[in-house]
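Bear in mind that the values in this text are calculations on the coordinates, not laboratory data. Bear in mind that the values here come from a model prediction, so they are computed numbers and not experimental data.
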Amino acid sequence: MQSKVIFPDRLLANQAWEDDIEARRIAEGRHRALLLQTTREQLPFDWIFCFDADERVTGNLREFIETAHSSECDGVRVQLFDSYMTPDDHEPYQTDRELLGFRRFFGPERRDILMLWRNRPEVIFAERQGREPGGVDRVKTALYCQHYGKSLSVDHWEETCEYYLRHFPFDTYGRKWRERKGRAIHTRSDFMRPLYEWGEALFTNAVKI
């Protein structure tokens, strides 16, 4: 499990991978718990925003937290959409480019992921819990997120297929990612739905998965 957290003067990273699938799942929860604990020890904060490096939230987080709406909840599920490479848009991502808005088209499949929550002692990560913590009671859905895990480059797509084949259960992840090998360029989403440009048409046609 690779985990990273950035402080003003340091970067904490784990580069070790568990070979066993179940051990990897346990390690993910344990590592996230350690990162949260370290963050609490090093920094005072009221809210925490936990996201992956290939994700970009499009709204103004600080403004959102400062509005009256934030008093109505303890956590926020952000609406995430996958971006796709298409026949006319598949040049590989370069690190000197801004990732937000890098791709033109997105699938309508929407995942609501708990990325933002108040720093309260009852909020914890547990083994086998995955990327979301427990202990967050009042949760609302707001904001939008562009996910680029499927669209950084053709080579990265193939690496992603191999990653899920090696490190995740075959029946739930490996089989579908094996079938996706060699299919990096899309005219429809992985779920065979039309692609949309970022904006209201995408949000209106969203399918929660």
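Backbone geometry of the stretch 141-148 corresponds, through the Karplus equation with coefficients 6.51, -1.76 and 1.60 at θ = phi - 60°, to 3J(HN,Hα) couplings of 9, 7, 6, 10, 9, 8, 10, 10 Hz, x marking Gly and Pro. The Cα-based radius of gyration and maximum Cα-Cα distance (Dmax) for the stretch 47-208 are 16.9, 48 Å. Of the residues F105, F81, F45, the one that moves most in a GNM of the chain with alpha-carbon contacts below 10 Å is F45. For the chain, lysine pairs with C-alpha atoms less than 21 angstrom apart, excluding pairs fewer than eight positions apart on the same chain, total 6.
Over the chain, DSSP H runs of length four or greater, each weighted -39,500 (n - 2.57), average out per residue to a 222 nm ellipticity of -7500 deg cm²/dmol. Need the C-alpha centroid separation for the stretch 136-209 versus the stretch 23-100, integer Å. Using only Cα atoms to place each centre, the spacing works out to 16 Å.
3J(HN,Hα) along the stretch 150-161: 9, 9, 5, 5, 5, 4, 5, 4, 5, 5, 5, 4 Hz, from the Karplus curve 6.51 cos²θ - 1.76 cosθ + 1.60 with θ = phi - 60°, whole Hz, x for Gly and Pro. Rounded to the nearest whole Hz, the Karplus-based 3J(HN,Hα) values (6.51 cos²θ - 1.76 cosθ + 1.60, θ = phi - 60°) of the stretch 98-105 follow the sequence 6, 6, 4, x, 5, 9, 8, 10, with x at glycine and proline. Put simply, the amide H of M85, placed in the peptide plane, has neighbours under 5 Å in H186, leaving out anything fewer than 5 places away on its chain. Antiparallel beta bridges, as assigned by DSSP with both residues in the stretch 47-208, represent about 65 percent of the total such bridges.
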